[in-house]
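Before any comments, here is the structure.
Please treat every number below as a calculation from the coordinates, not as lab data. What you see is a predicted model; the values in this text were computed from it and never measured. Here the Cβ positions follow ideal geometry from the backbone for every residue, glycine too, while neighbour counts run over all protein chains shown.
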Amino acid sequence: MCAKVEHEPPQTEHSTIEETVLPSEDGISFPEPPTELKSGSRNWKKLLAYFGPGAIVASVTLGSGETLFAPRGGAIFGLSIIWALVWAGLVKGIMTYSGVRYYTLTGEHVMSRWAKLPGPRGWFTLLMGGIAIVAFPSWVGGLAKMLGQITAWALGLPMNDTMFASVGTILMVTTAGLVFVGGYEYVERAQIVIVAFLSATIAVLAIAAQPSLFGVLGGLVPSMPSDYAPFVYNKYPTVAERSVWIEVVTYMGAVGGGIYDYIGYVGYSKKRRWGILRRSDSEEVSDVVRELAPGKEVPLDVSESNLQRAKSWLKAPQIDVLISFTAITFFTAAAMVLGAQSLHEAQLIPSDLDLYTFQAQWFAAIHPGLTILWKIGVFFALFGTLYATWEGYTWTWLETVKPFSKAARSLERQRMGTARLITIVYAGGLGLVLMWSDLSAVAIVTPASILGGVFGCGLWCWAMLWAERTALPEELRSGWMLTVGLIIAGAFLTGAGIISIVEYLGLASF
């Protein structure tokens, strides 16, 4: 899930907002980048300051994936499916960077460019936005139910679905209220610290568990388990009811988020004012680019000096995405290894009424009193994630509608409060229905994870290849490494998504 990012971009004597390079007759030019982004700079302290939006994305996705889905995968399958989480983290990093890269170079959200794909006007933008918007209630309802469970356990309340839904409802309303109260940046910062603590602790414990090096390396080779272990059928029938494909792909969808996150993430990355977005007239430039005819290339200045400025600006999203998705991939894999080493051998699977209780033994092994740290850590990780959905999902549906609606563009610029209220009423209302149903939290998020966290991400990769080839001059198109990466990511995510959708609908079994 994504979160609100209001921090100003790093400022130096060479990077004021007003310092822009005016458009030349040769095309749109880029503002002068800060000194630390220029070729040859080794000012690592200032470069690390560009790790901004990705820090929030990493913290909220680690908060849900690392505490539940990764250890659950290790508990069920041992070390055999580490590849699923590692590959998911890597390919989602590639697709996320492609979207922010495009925005940095053009000042146009890629959803606007996709509205010009051949066919009925806006069909692909509406498809992607539709997948994301349909997934909103599933993640809101599922996260709220997970949060209700960890809260009930921490407070010693009865452990049943009614209690989880009751507490989840209160906390859902609380997070929605905070959206309007504001001043939540301190909680966000605390969340990052707590998730960083959980991640570091899990990584240390995973290493201390001394997993088999050959087992870990073998788990990095893609191979889908043919079936569950016998103990899963004997002790966890609700888990065994789920197809192996659906179970594994649900983890892949949870790791790093989905298009319901990335559409919004790319949208509010404009607050960092990278590249074209640093121009004082960036809104006017964005309007010009959005109004270009289908297939019309963005009129960027391709002089050597302007190309050099553009490439310097790309270091900013590269730093942000590289750090965030490296952290997501490494720490999620560590949580799976720890789950395999401790929970799999003990035949303990986080499921049903025990989504988080078994993982607490990791901290209890250090000292029994440290269990409270696990409870507090998971609570704040999920609380922050649930809060983040309201802001992130608001940006997602706005970016879906903006290419077709002046009213939506006006909401973004002048009435974000109204836009957030629409998100809360829709996603929160249907999320409550799902949370109060008989479905488990894992079952609630499964279709959203498959559709938006895997299949939709694959479509994103293919569409980005088209956007780059039609919008960017040849000099600024992605190099062969990013192009090949998008092709591999698109094939991997689209294929896994299609197979899982077919299985989920009961049309075939693989």
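General remarks:
- Ranked list, fewest to most other Cβ atoms within 10 Å of each Cβ, for Tyr504, Tyr260, Tyr251, Tyr50: Tyr504, Tyr50, Tyr251, Tyr260
- Across region 71-108, the residues whose backbone nitrogen lies under 19 Å from the label position 7 Å along the beta-carbon direction of Met159 are 71-73, 75-76.
- In this structure, Asp26 and Ala491 have a Cβ-Cβ separation that, at R0 = 41 Å, corresponds to a calculated FRET efficiency of about 0.60.
- Global geometry of region 189-301, whether rounded, prolate or oblate, following the gyration tensor of its Cα atoms and the 1.5 cut on a/c: prolate
- Virtual paramagnetic centre 7 Å along Cα→Cβ of Met224, amide N under 15 Å, in region 446-460: 450-451, 454-455
- Magnitude of the charge dipole, the chain, Cβ model with Lys/Arg +1 and Asp/Glu -1, debye to 20: 160
- Efficiency of FRET between His367 and Val484 - r from beta-carbon atoms, R0 45 angstrom, step 0.05: 0.40
- In order along region 134-141, phi translates into HN-Hα couplings of 4, 7, 3, x, 4, 6, 5, x Hz, rounded to whole numbers, per the Karplus curve 6.51 cos²θ - 1.76 cosθ + 1.60 with θ = phi - 60° and x for Gly and Pro.
- Near Ile28, the amide H atoms lying under 5 Å from its own belong to Leu300, Asp301; only residues 5 or more places off or on other chains count, and H is placed 1.01 Å from N.
- Taking every C-alpha pair closer than 8 Å and separated by at least 6 residues, the mean separation divided by the residue count of the chain gives a relative contact order of 35 percent.
- Whole-Hz couplings from phi, Karplus 6.51/-1.76/1.60, listed for region 31-44; x for Gly and Pro: x, 5, x, x, 4, 5, 8, 6, 4, x, 6, 10, 7, 5
- Taking the fewest neighbouring Cβ atoms within 10 Å as the starting point, the ordered list for Asp354, Asp320 is Asp354, Asp320.
- Region 173-178 - phi-based ³J(HN,Hα) in whole Hz, Karplus 6.51/-1.76/1.60, Gly and Pro as x: 5, 4, 5, 5, x, 4
- Spin-label pair Ser280-Leu430: with each label point 7 Å from Cα along the Cα-Cβ axis, the two points sit 4.4 nm from one another.
- Gyration tensor over alpha-carbon atoms, region 281-380, equivalent ellipsoid semi-axes in Å: 50, 16, 14
- In terms of surrounding Cβ atoms within a 10 Å radius of their Cβ, Ile170, Ile202 rank from fewest to most as Ile170, Ile202.
- Considering helices alone, the calculated mean residue ellipticity of the chain at 222 nm is -20500 deg cm²/dmol, with DSSP H runs of length four and up weighted by -39500 (n - 2.57) and normalised per residue.
- Here r is the Cβ-Cβ distance between Glu291 and Thr326 and R0 is 35 Å; the resulting FRET efficiency, rounded to 0.05, is 0.40.
- On Cα atoms only, tilt of 82-106 relative to the major axis of the chain in degrees: 20
- Dipole of the chain, positive direction: furthest Cα of Gly89, Ala346, Phe77, with charges on the beta-carbon: Gly89
- Cα centroid separation - region 426-504 against region 68-113, whole Å: 9
- Residue list for region 432-453, given a label point 7 angstrom along the Cα-to-Cβ vector of Leu353 and an amide N cut-off under 20 Å: 435-444
- Distance from region 261-287 to region 114-159 (C-alpha centre basis), Å: 24
- Given (1) 39.3, 130; (2) 22.4, 73; (3) 32.2, 115, the label whose value is Rg and Dmax of the Cα atoms in Å derived from this model: (2)
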